[in-house]
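Read the structure below first, then the notes.
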Amino acid sequence: MRIFLLSLMMLVFLQVQGQHRKTYFPLWTYHQSDIRIYGVGVGWLPIYETVNTTTTGLRLEVPGPGLFLAFIPRAPWDTAHGNTNPAPPANKQPEKVNGLNLSALGSMCYRVNGISLGAIGQINWRVNGISVSGGMNIAEKHNGIQVAAASLSEEMHGLQIGISVASETMRGIQIGFMTSSKNTRGLQFGLWNKNEKRKLPFINWNFKS
């Protein structure tokens, strides 16, 4: 009986261990599935599939696809053009960064909790923190501060800054030469500001449903 119970416990233990992701410290490549990196995760291009990879620390991407992202015609999740972005299953999350996401040209990442910096362009599906780019900066859901020449979000909560600033849903403040939002709760500052209520120069607002 004891041997049977011991064998059963070992079987359960092995099954649980098999479900755990491998952990690497202090340096590893993020081009691998089901891993956790504590320290520096390095790579040369973004990962598009659901790899269940998490970098806690610094994710360094060289060179990154930023040069091409600056000319992307629309966001990948733009449902108006037949694209969808369904939520992935809990055990197969795409790549996630907790800390600093840094790319020489710009990156694509599913989730960033911290700071994301790209010289030319970047696309992040989920951002909690700050994202900055010199050219195009696109986020599906952004909580925090978004800065770029062209700052675009489907759902923005916080501060959005750029020459051209646009959101489908905005809760907070937009600052730019041209600002626009289709579902607004907040303030817009720019040469021309557009929301679902009105179009005005210099300042616009909406705080009601």
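The values are calculated or read from the model by the stated rules, or taken from the named source; none is laboratory data. Nothing here was measured: the structure is a model prediction, and the numbers come from that model. Every residue, glycine among them, receives a Cβ derived from its backbone with ideal geometry; neighbour counts consider all protein chains shown. Only protein heavy atoms, including side chains, enter the accessible area calculation; ligands, DNA and RNA are left aside. Shrake-Rupley method; radii C 1.70, N 1.55, O 1.52, S 1.80 Å.
Table: residues versus (1) outside any strand (DSSP E or B); (2) open to solvent by 60 Å² or more (accessible area, probe 1.4 Å); (3) farther than 13 Å from residue 133 by Cβ; (4) modelled with pLDDT under 90.
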| position | (1), (2), (3), (4) |
| --- | --- |
| 74 | yes, yes, yes, yes |
| 85 | yes, no, yes, yes |
| 88 | yes, no, yes, yes |
| 92 | yes, yes, yes, yes |
| 97 | no, no, yes, no |
| 106 | yes, no, no, yes |
| 109 | no, no, no, yes |
| 112 | no, no, no, no |
| 115 | no, yes, no, no |
Scanning the range 183-209 for residues that are small (Gly, Ala, Ser) and open to solvent by less than 60 Å² (accessible area, probe 1.4 Å), the one nearest to residue 170 (Cα to Cα) turns out to be 186
Considering the range 28-65, residues that are modelled with pLDDT of 80 or more, of a type in the set (D, E, K, R) and within 16 Å of the chain's Cα centre (by Cα), and then whichever is surrounded by the fewest Cβ atoms within 10 Å (Cβ to Cβ), we arrive at 61
In the range 146-157, anything open to solvent by less than 60 Å² (accessible area, probe 1.4 Å), under 17 Å from the mean Cα position of the chain (by Cα) and farther than 20 Å from residue 208 by Cβ is listed as 146, 147, 148, 150, 151, 152, 153
